[in-house]
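These notes concern the structure reproduced below.
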Amino acid sequence: MAINAKTYSQKPSEVSRRWILIDASEAPLGRVSTLIAKHLIGKYKPTYTPHIDGGDYVVVINAKNAVVTGDKETGKVYYRHSGFPGGISDETLAERREKYPERIIEASVKGMLPKNKLAADRMARLRVFAGSEHTHTAQTPEKVEVK
């Protein structure tokens, strides 16, 4: 006796997006980043389809107060290369927090997203703010607690 159950596949026109607000100072950086990535991908939704970008908009506040454990403040190093010989430069997490605290969250979340064609669109829906003020009050984002 065969059951004719069909696998549901979400269409791009059926995507509904919410606005989520996450406070980065509530939990360690990794926990906050995994929660952000889960919402950007939309993996918590029952309508999740891998090849459709069905995630939410995520607003992150208090990026300058992001919590890290251990000696990551001085031991974690971000590298970049200009493309020229000898053109490598580095900065610690403390130095990056001083200049561009938003990039700490962005780099962490980008590393947790799947490396595919949908990654750029997902990162475009991530809005990170250094302080507790944000410019998306008109969208009335829902506050999500980090467990």
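Readers should treat all values here as calculations from the given coordinates under stated rules, not as data from a laboratory. Everything quoted here is computed from the prediction, not taken from an experiment. Note: ideal-geometry Cβ built from the backbone for every residue, glycine included; neighbour counts use all protein chains shown.
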When only C-alpha pairs under 8 Å and at least 6 residues apart count, what is the relative contact order of the chain, in percent?
33 percent
By average C-beta atoms within 10 angstrom, highest first, the peptides 81-94, 43-56, 16-29, 132-145:
16-29, 43-56, 132-145, 81-94
What share of the DSSP beta bridges in the chain is antiparallel, in percent to the nearest 5?
30 percent
Quick one: check the C-alpha center-to-center distance for the stretch 67-143 versus the stretch 49-64, whole angstrom.
14 Å
Along the stretch 22-32, what does the Karplus equation 6.51 cos²θ - 1.76 cosθ + 1.60 (θ = phi - 60°) give for ³J(HN,Hα), rounded to whole Hz, x for Gly and Pro?
10, 9, 6, 8, 8, 8, x, 3, x, 5, 5
Can you tell me the mean projection area, over all orientations, of the convex hull of the stretch 68-147's alpha carbons? Units nm², please.
7.9 nm²
Charge-dipole axis of the stretch 62-147 as Lys and Arg at +1 and Asp and Glu at -1 on Cβ define it, positive-most pick from ALA63, LEU93, GLN139
GLN139
Here the stretch 67-81 yields Karplus 3J(HN,Hα) values (6.51, -1.76, 1.60; θ = phi - 60°; whole Hz; Gly and Pro given as x) of 8, 10, 9, x, 9, 5, 4, 10, x, 7, 10, 9, 10, 8, 10
Is there a pair in LYS76/LYS99; LYS45/LYS117; LYS38/LYS110; LYS38/LYS147; LYS45/LYS115; LYS38/LYS72 whose C-alpha atoms are over 18 Å apart, and which pairs would that be?
LYS45/LYS117; LYS45/LYS115; LYS38/LYS72
Calculate log10 I(q)/I(0) of the chain for q = 0.18 Å⁻¹, where I(q) comes from the Debye formula with a single equal point scatterer on each Cα and nothing for solvent.
-1.07
Sorted by chain and then number, the residues having a modelled amide H within less than 5 Å of the amide H of LEU21, at least 5 places away or on another chain, are VAL59, GLU142, LYS143, VAL144
Asserting the computed 222 nm helical MRE of the chain (DSSP H runs at least 4 long, -39500 (n - 2.57) per run, divided by residue count, to nearest 500) equals -7500 deg cm²/dmol
